Amino acid sequence: MFTYVPLLWSVYLSFFDAHNTVSPHHFVGLDNYASMLGDRAFTDSLETFGVFALFIVPATFALSLGLALMVNRLRYAQAFFRSVFFLPAACSYVVAALIWKLSIFNGVRFGLANTVLGWFGADQTAWLSTTHPPWYWLVIVTVRLWLQAGFYMILFLAGLQRIPPQLYEAAAVDGARPGWQVFRHITFPQLRATSVAVALLLVINAFQAFDEFYNLLSDSRGYPPYARPPLVYLYNTALGRGQNLGEGSAGAVLLALIIAVVTVGQARWFGLARRED
Amino acid sequence: MDKALLAFGRAVRLVLLVVLALLFLIPFYLLVRNGLSTEADITSPDWTFFPSHLQWSNVTELFDDPAVPMARSLLNSAMIAVATTVGTVVLASLAGYGLARIPYRWSDQVFYAILGTLMVPAAVTFVPSFVLVSSLGWISTLRGLIIPTIFSAFACFIFRQYFLGFPAELEDAAKVDGLGYWRTYWRIVVPNSRPVFAAVSVIVFIGAWNAFLWPLVIGQDQSAWTVQVALSTFTTAQVVNIHELFVAAAVSMLPLLLVFLLLQRHIVAGIERSGIED
């Protein structure tokens with residue numbers, strides 16, 4: 001109810017001029033959609049999401065799968081390592097962003113990254129405000145990687161434990177060497193369902209990115225013009241100075257359509273690929 | 001030869017794991033280190049691994065600072081997280097049970113409609129939800145912060161999957177004894193499903209405690225700030241000292257760390273059993 005009612009309401013609102021009001025009178029048809037699509041900031045926010053997903057989805061996928069494979073084969077201290085990698089899940093994006101912004105990637109010398117790089121004679125970098133090269137991506141991607149890798153590691157571990165051991169025995173009989181061959185021909189294909197789910201969740205979560213962008217990049221003067229994902233953009237449009245709820249709703253509807261297409265497309269693609277097997 | 005190679009591989013893997021584990025722990029260390037340091041120790045250009053001395057008075061200073069509504073925010077967060085957890089678990093378990101056990105004409109369609117909301121990201125619903133809540137006059141109220149968040153399709157899905165696998169014999173016995181769905185649910189199903197209730201509660205509690213966007217949008221008055229919103233406001237407005245900020249962040253994490261350490265087994269089991277992969 002709290003998903004479908006607001007969604008329908010926002011479709012309705014998106015056809016109206018609604019500044020600072022939730023009970024609009026002035027019907028504007030598709031104007032809100034036209035101005036959203038013509039707005040560079042909106043299309044840029046989609047591009048930001050694209051770049052972010054391009055970094056974070058493969059990085060989290062690889063790290064969490066790697067951690068799961070390594071932890072799974074441990075004979076002792078398995079619970080210890082699993083706990084350490086899972087622990088960041090207890091940390092909020094706000095707290096993590098604070099540590100990253102004020103302690104690790106601080107632009108001045110007391111930041112950990114600059115201190116460590118300083119030992120090797122490197123110059124100081126203003127991580128969050130340098131746009132050429134865009135160092136802020138490093139900060140944004142590592143926060144999320146740290147926070148979510150442990151969770152997906154647990155999903156992969158669950159998947160690994162469901163692989164029947166007979167498969168590995170058969171592979172050993174057939175002379176497959178442990179390591180890459182076994183991983184490619186047995187482990188990875190057996191993790192197929194888990195991998196699809198993880199990839200899907202990672203894309204959806206990347207699309208919802210807000211907390212770390214907002215907390216890392218905005219300050220008392222507002223949000224810088226770069227690296228603004230769709231949710232931050234919508235937040236500014238609908239609840240910022242303009243309180244333009246009509247355009248905000250139009251943006252929300254457009255995003256709903258895009259995510260629906262992406263999700264269905266992804267499901268189709270994986271579904272079709274499966275039938276070929 | 002092969003054996004030596006395997007042993008070498010194992011050693012490399014262990015070293016890699018230890019290095020990664022240290023990297024994963026560094027942010028926690030920095031949080032505690034900075035929270036217990038003097039401001040000079042944090043901002044010193046000659047950064048050292050250990051602070052010159054541990055300044056425990058940061059904690060009392062934080063709660064005494066009139067500019068920082070720390071106690072109030074913590075209380076808000078606690079009330080919201082507890083209410084959200086209880087509300088979600090009650091609603092989602094009942095819905096999940098109904099979907100799993102009570103056959104009626106549209107039950108499959110209802111299930112797919114609920115599942116569909118999982119695919120609709122917060123990016124899409126937060127503007128319209130805000131509109132709905134503000135037209136109800138619930139801005140900056142606990143109602144506005146709690147009620148819209150207690151319908152969790154995810155929790156409902158987990159409960160449905162769990163109840164589908166619940167042994168039907170137990171319920172049949174209850175039915176023979178003349179119990180209806182309602183009483184069967186409370187007397188037979190709930191007491192025998194503690195693990196799934198524990199797992200969902202913990203997951204929902206963590207999510208509610210760490211939630212940021214919704215409390216930021218709805219909790220506009222300082223009196224309705226959650227601890228996450230308070231922290232975020234301090235970082236962007238720079239009204240407090242940096243050591244106070246770090247100790248506030250550390251304090252905000254304590255309840256969750258306790259939950260994590262005490263219930264880690266349930267959390268992991270709950271995620272593993274959630275059936276996301278199927």
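Quick notes on this one:
- Restricted to the range A:192-247, the set of helices (runs of 4 or more DSSP H) holding at least 1 residues that are basic (K, R) and over 24 Å from A:L102 (Cα atoms) comprises A:192-207.
- Given (1) assigned to a loop (DSSP other than H, G, I, E, B); (2) of a type in the set (F, W, Y); (3) surrounded by fewer than 19 Cβ atoms within 10 Å (Cβ to Cβ), index of the condition A:F80 fails: (1)
- Test: A:L102 is open to solvent by 10 Å² or more (accessible area, probe 1.4 Å), facing another protein chain (nearest Cβ under 7 Å) and either within 13 Å of B:L17 (Cα to Cα) or in a helix (DSSP H, G or I) (or both): yes
- For the range B:36-83, residues that are farther than 18 Å from B:P215 by Cβ, in a loop (DSSP other than H, G, I, E, B), open to solvent by less than 80 Å² (accessible area, probe 1.4 Å) and not hydroxyl-bearing (S, T, Y) total 7.
- Scanning the range A:109-123 for residues that are over 16 Å from B:I26 (Cβ atoms), part of a loop (DSSP other than H, G, I, E, B) and either within 11 Å of another protein chain (Cβ to nearest Cβ) or among the polar types (S, T, N, Q) (or both) yields a total of 1.
- Residue match in the range B:82-92 (condition: more than 9 Å from chain A (Cβ to nearest Cβ), touching an Asp or Glu at 6+ places or on another chain (Cβ under 7 Å) and in contact (Cβ under 8 Å) with a residue 12 or more places away in the chain): no
- Per-region count, the range A:40-77, residues within 19 Å of the chain's Cα centre (by Cα) and open to solvent by less than 10 Å² (accessible area, probe 1.4 Å): 7
- Filter result (of a type in the set (A, V, I, L, M, F, W, C) and open to solvent by 30 Å² or more (accessible area, probe 1.4 Å)) within the range B:199-214: B:I203, B:F205, B:A211, B:W214
- In the range B:84-113, residue least open to solvent (accessible area, probe 1.4 Å) [restricted to those that are part of a loop (DSSP other than H, G, I, E, B) and not basic (K, R)]: B:I102
- Sole residue being in a helix (DSSP H, G or I), within 10 Å of chain A (Cβ to nearest Cβ) and buried (at least 17 other Cβ atoms within 10 Å of the Cβ), chosen from B:R13, B:R33: B:R33
- Residues of the range B:134-185 satisfying the condition of being assigned to a loop (DSSP other than H, G, I, E, B), touching a residue at least 40 places away in the same chain (Cβ under 8 Å) and among the hydrophobic types (A, V, I, L, M, F, W, C): B:W138, B:I139, B:I150, B:F151, B:F166
- Residue list for the range A:137-177, restricted to those being aromatic (F, W, Y) and open to solvent by less than 20 Å² (accessible area, probe 1.4 Å): A:W146, A:Y152, A:F156
- Qualifying position, being touching a residue at least 24 places away in the same chain (Cβ under 8 Å) and at the interface with chain B (Cβ under 10 Å from one of its Cβ atoms), among A:L155, A:L138, A:L160: A:L155
- Filter result for A:S129 (more than 9 Å from chain B (Cβ to nearest Cβ) and open to solvent by 30 Å² or more (accessible area, probe 1.4 Å)): yes
The values are calculated or read from the model by the stated rules, or taken from the named source; none is laboratory data. What you are looking at is a predicted structure, and each value in this text was computed from that prediction instead of being measured. A quick note on method: Cβ atoms are made from the backbone with ideal geometry, for glycine too, and the neighbour counts reach across all protein chains shown. In case anyone asks, the SASA skips ligands and DNA or RNA and just uses the protein heavy atoms, side chains included. Shrake-Rupley method; radii C 1.70, N 1.55, O 1.52, S 1.80 Å.
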